[in-house]
1. Since residue 149 meets every condition but one in (1) open to solvent by less than 30 Å² (accessible area, probe 1.4 Å); (2) of a type in the set (A, V, I, L, M, F, W, C); (3) closer than 21 Å to residue 174 by Cα, which condition does it not meet?
2. Can you find a residue that is over 30 Å from residue 38 (Cβ atoms) and touching a residue at least 40 places away in the same chain (Cβ under 8 Å) anywhere in region 152-161?
3. Just checking, which of 7, 48 is touching a Ser or Thr at 6+ places or on another chain (Cβ under 6 Å), at pLDDT below 90, open to solvent by less than 80 Å² (accessible area, probe 1.4 Å) and under 27 Å from residue 171 (Cβ atoms)?
4. When only residues in region 58-92 that are of a type in the set (Gly, Ala, Ser) and closer than 24 Å to residue 228 by Cα count, which is farthest from the chain's Cα centre (by Cα)?
5. Given the criterion within 28 Å of residue 45 (Cβ to Cβ), among the aromatic types (Phe, Trp, Tyr) and out of contact with any Ser or Thr (no Cβ under 9 Å at 6 or more places or on another chain), identify the matching residue among 149, 203, 216.
6. Hey, can you tell me all the residues within region 58-78 that are among the β-branched types (Val, Ile, Thr) and open to solvent by 10 Å² or more (accessible area, probe 1.4 Å)?
7. Quick one: in region 88-136, which of the residues that are among the acidic types (Asp, Glu) and part of a loop (DSSP other than H, G, I, E, B) is most open to solvent (accessible area, probe 1.4 Å)?
8. Consider residue 55 carefully, then state whether it is under 30 Å from residue 33 (Cβ atoms) and either of a type in the set (Val, Ile, Thr) or open to solvent by 10 Å² or more (accessible area, probe 1.4 Å) (or both).
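The values are calculated or read from the model by the stated rules, or taken from the named source; none is laboratory data. Note that the structure is predicted; figures quoted are calculated from it, not measured. Methodologically, a virtual Cβ is constructed for each residue, glycine included, from the backbone with ideal geometry; neighbour enumeration extends over all protein chains shown. SASA here: full protein model, heavy atoms, side chains in, ligands and nucleic acids out. Shrake-Rupley method; radii C 1.70, N 1.55, O 1.52, S 1.80 Å.
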Amino acid sequence: MRKPMSVLLASLALCSSATAFALVTPNPPSLNAKGYVLMDYQSGEIIVGGNQDAALAPASLTKLMTAYVVGMEIASGRTTWDSKVAVSENAWSVKFPDSSKMFIKPGDDVTVADLMRGLIVQSGNDAAVALAEHIAGTENGFVALMNQWAINLGMNSSQFINAHGLDGQGIHTTPQDMAILMRRIIEDVPDVYKIYSEKRFEWADIKQYNRNRLLWDNSLNVDGGKTGYTSEAGYSLVSSATQGKCD
């Protein structure tokens, strides 16, 4: 039997005309999920949800916060897309033998832009650690930034313990908090958000494809999102899509 998806979230950016018309709201679907929420991007209104405040392990959805923090550091001028990053032993891909990685190693000539694609497209745990150390000196220091940003954004039921989302004591978030975070990524760091629509990235002669397979389904108008999986979290997804005509 398939495990239930831990977090199923779609942040729906509605781009439609201002003409008023009556809406018939259908009953929400029955989902095999521990928790889910559907949010309207423009208003922040929750359209439908189930167990939306359930505390769940985030798996690689954690990397949404990692990317947000790095994006805000770029926006503040404390780093740039072209900044060179020293890859430490802690960020070496061999440290993550059974999980997703970008395949970086100490001595690589790598930039923040490269690592952000490794983080977002390839879901690289090694990229997450390299970025964390670049921004804060240590991964623990970066995690403190992640948790402070969670408070600032109103993600009151989230706690992060690392930059990548591998299971550990105390790590948790909720579907609603993930919806809040995705909405702020779209709004606050649009250059970061653009990367979520990229379908592939190559590093070290290894081409990897975005794990968000909804990007290949043209009927859904999906323009970004993040997937994740660990044994504790199960399968998780944050995704966004557009509806109507955008000006």
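1. Among (1) open to solvent by less than 30 Å² (accessible area, probe 1.4 Å); (2) of a type in the set (A, V, I, L, M, F, W, C); (3) closer than 21 Å to residue 174 by Cα, the lone unmet condition for residue 149 is (1).
2. In the first step, residues of region 152-161 are kept if they are over 30 Å from residue 38 (Cβ atoms); the result is none.
Taking every residue of region 152-161 in turn, none turns out to be over 30 Å from residue 38 (Cβ atoms) and touching a residue at least 40 places away in the same chain (Cβ under 8 Å).
3. Values: 48 fails: touching a Ser or Thr at 6+ places or on another chain (Cβ under 6 Å).
After applying the criteria, what remains is 7.
4. Just the residues of region 58-92 that are of a type in the set (Gly, Ala, Ser), to begin with: 59-60, 67, 71, 75-77, 83, 86, 88, 91.
Narrowing the set further to residues that are closer than 24 Å to residue 228 by Cα leaves 59-60, 67, 71, 91.
Working: 59: 10, 60: 7, 67: 7, 71: 12, 91: 19 Å.
This residue is 91.
5. Values: 203 fails: within 28 Å of residue 45 (Cβ to Cβ); 216 fails: within 28 Å of residue 45 (Cβ to Cβ).
Testing whether each residue is within 28 Å of residue 45 (Cβ to Cβ), among the aromatic types (Phe, Trp, Tyr) and out of contact with any Ser or Thr (no Cβ under 9 Å at 6 or more places or on another chain) leaves just 149.
6. Residues of region 58-78 that are among the β-branched types (Val, Ile, Thr), as a first pass: 62, 66, 69-70, 74.
Result: 74, single match.
7. This residue is 98.
8. Values: under 30 Å from residue 33 (Cβ atoms): yes; either of a type in the set (Val, Ile, Thr) or open to solvent by 10 Å² or more (accessible area, probe 1.4 Å) (or both): yes.
It is true that residue 55 is under 30 Å from residue 33 (Cβ atoms) and either of a type in the set (Val, Ile, Thr) or open to solvent by 10 Å² or more (accessible area, probe 1.4 Å) (or both).
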